[in-house]
1. How high is the FRET efficiency from residue A:243 to residue C:170, r the C-beta distance, R0 41 Å, rounded to 0.05?
2. According to a simple spin-label model (label point 7 Å from Cα along Cα-to-Cβ), what is the distance in nm between residue C:209 and residue C:30?
3. Search the structure for amide H atoms under 5 Å from the amide H of residue A:84, placed 1.01 Å from N in the peptide plane, and list their residues when 5 or more places away or on another chain.
4. Please compare each pair in A:161/C:50; A:170/A:277; A:184/B:73 to a cut-off of 31 Å on the Cα-Cα distance and tell me which ones are over it.
5. Averaged across the residues of B:62-75, what count of C-beta atoms belonging to other chains lies within 10 Å of each residue's C-beta?
6. If I take R0 = 45 Å and measure r between the Cβ atoms of residue A:146 and residue C:138 in this structure, what FRET efficiency does the formula 1/(1 + (r/R0)^6) give, to the nearest 0.05?
7. What is the average number of partner chain Cβ atoms found within 10 Å of a Cβ in C:32-40?
8. Can you tell me how the stretch C:3-50 classifies by the Cα gyration tensor, rounded, prolate or oblate, using a/c under 1.5 as the rounded cut?
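Each value in this text was obtained by applying a stated rule to the coordinates, not by laboratory testing. Since the structure is predicted, the reported quantities are computational estimates derived from the model, not experimental observations. Glycine gets a Cβ as well: all are built from the backbone with ideal geometry, and neighbour counts include every protein chain shown.
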Amino acid sequence: MLTILTAVLVSLAPLQGQTDTTFAVPAGASLSVNNFGGAIVVHGWNQNRVKVHAEHGSRGRIEVSLVGSTVMVKASSRQGAPSVVDFDITVPQAMALTLAGTYAEITVDGMQGPISAETVEGAIEVRGGSGIITLHSIQGTVTLADATGRIDVNSVNEEIKLSNVSGQIKAETTNGDVTLTGVKSASVEAATINGSVVYEGTITDGGTYVFNSHNGDMIVSIPEGANVTVSIATANGDIDPSFPLPLTATHGKRRYTFKLGSGSARMEVESFQGDIKLRRPEEIRDRLQHKNKNNNHNEHDDSFDFHFDSNGVGAAWVRDYAATYAREYAPKYAPLYARRYARAYARAYSH
Amino acid sequence: MAPLVLEGPLTRDQPAADVVAVDTALAASGDATAFERLYRTHVARIHSLVRRMLDADEADDVTQDVFIRAWNKLSTFRGESAFGTWLHRLAVNVVLGRRKAVGIERGRYVTQEEPLQNVSGRSDTPELSMDFEAALARLPEGARQVFVLHDVEGYRHEEIARMLGVVPGTSKSQLHHARMALRRHLDR
Amino acid sequence: MNDQWTDRLSEYLDGELDAQERGALEAHLSGCAECRATLAELRQVVARAKGLEDRPPKTDLWPGVAERIGSGKVVNLPAHRARRFSFSVPQLIAASIALVLLSGGGAWLAVQRWNVTDRRPTGTLAVTSASWTGHTDAAIADLQDVLTRNESRLDTATVRVVRANLAVIDRAIAEARGALAGDPSNTYLNLHLADTMRRKLELLRRINAIAAARS
């Protein structure tokens, strides 16, 4: 059934279950989804139609309307407290997305346009996208892959992972690691307070790269032949490069400047307590692959400790690794599963 | 509580400020290498500002003028604001001064909503902002400059009005006309 | 069509209407889908403007500039530029911290020049972090008050997470201050403390915005 929507209120069936609707949209339309609690899943396809599938309890209410050139999908509830609704929406690949929720997990793939996703408690996972990409969560991990543009990714309590991205990149969290791999950019900013930063990407002439943390290690790749002035600062950590670094200046006890090649790009790597590790890209890639191979069965383990000390690794490393691993593994793993089960139960029982 | 609006643009992508400050001090005492570093850091921003407020043809020349003027005036820069802010303000002054010199008053301000809707966006390059920037370039100069100063660069209406020699009401209405004309050219 | 309303949408968007005008416009908006759509489009235009990327010129303009300023390290200065222009280190630090605070959430702070007590260009500095953190501390205290008032609008899990992360940042601030006490003129430590305080401001601001949106 293909109809052009002007304003439609889709009301749901009286029993709990699902709602489905499909309609054509004009070119250049954008999508705005507002879901207080539940999943927001968006896929792209190459048709000019939008398909909305929603699963909800009987108290849930779904509104789908076309306002100007924006398709608005909103979940609300018939009386009182909000109920949980899970959306699965398929839209034209070029549609711009604005997705918002509170207890909402947001997943996007196959899209080619700008994406804005905001949630308080819920992970954000996006694959694809171009233009202005803004992903903000408070309590959820944020993952972005295969995207390009002006990228601004933010979490507070969890980690951030960007892979295969290009453009202008900004990634910040408070309590989590920031891992950037396969990056092509001349402007990168990555920061955290309680976590480490890993960067594997280009260092282009004239670019600016700023990495900092309070409590974590910085692991930054610098390709051979890069032209970059590197300014390193740490209060309590070690500086550990895997290639020669020609020191050009020191500023007090804690800040050092190195110039590689023509020094064209500018890089700042700073960690208050953590170590600063400069590596070649292959070293970081190898390490990440190795980690993935070993940990394929455990998608939640993100606390791998990069330790490149090949001289008598031994007991000390193993002890440190186990201590970090156990400490971080348990608190992260348990609540994530608890949340998922809680939502499924809430959905089934919210009537 | 409404947030305080700061005068002038907020500079976000800067190298460590103390490095900039040192380079500024060096350049002010005649070190052209230090000035070149400042140039490299700021040229993209200044060139983009100039290009949007004037046009692509003049942008190169005017950008050079801005930096030369900055070199000459560096001794008057007191470090009260960030160098980028000072440079930016200087660029705006150069742009507006040039406008007065060339002095085409006619058709500078929009009197009704401009018929831009039939302008199709074209892009030579895959850069994302081509459609939007191309539409921006087609706005009448006054409306375009108000839009750039307010929405792109973050100046307030009182300031824009002072700079352009109009009343704040004109600045507000020009901004509105510019936004209304541009909304059809948001790239998706 | 609705020209009288449409014409005011930009002012509404920019927060320039007084309370009465705003009320009237919002009342109109709740019943006018077309104006709502226009407003959404205007928002997108503003967002697009903010997201415009800066591109450098296609050709390198530096040679043209260098030629006209006289390249190389200049030893003979023209008379009118002979005055040596130097910042004292406290001024550099104050300026750089002002920049850091401005560039990340400074909308909540009044722009002020920090009064630097020590103007000696060389030698030890009498500047302590107290001389510039005062304003930030005040801003943080204000926002924390607001958060306490707003907390009831957030659910307990979010409040817990926010508090835990504020504690993380507080620990980092304390550690930075501690290090700075032992090495007060260190530029990196000053900047790091400023940056960490800015993070706290931003988190408070973000949470307050979320709480306010729930009302």
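1. Working from the Cβ atoms, E equals 0.65.
2. About 2.5 nm separates the two model spin labels.
3. Those qualifying (amide H under 5 Å, at least 5 residues apart or on another chain) are A:57.
4. Cα-Cα > 31 Å for A:184/B:73; rest within.
5. Neighbouring Cβ atoms belonging to other protein chains average 4 per residue here.
6. 0.50
7. Across C:32-40, the average partner-chain Cβ count within 10 Å equals 4.
8. Oblate, since a/c reaches 1.5 and b/c is not below a/b.
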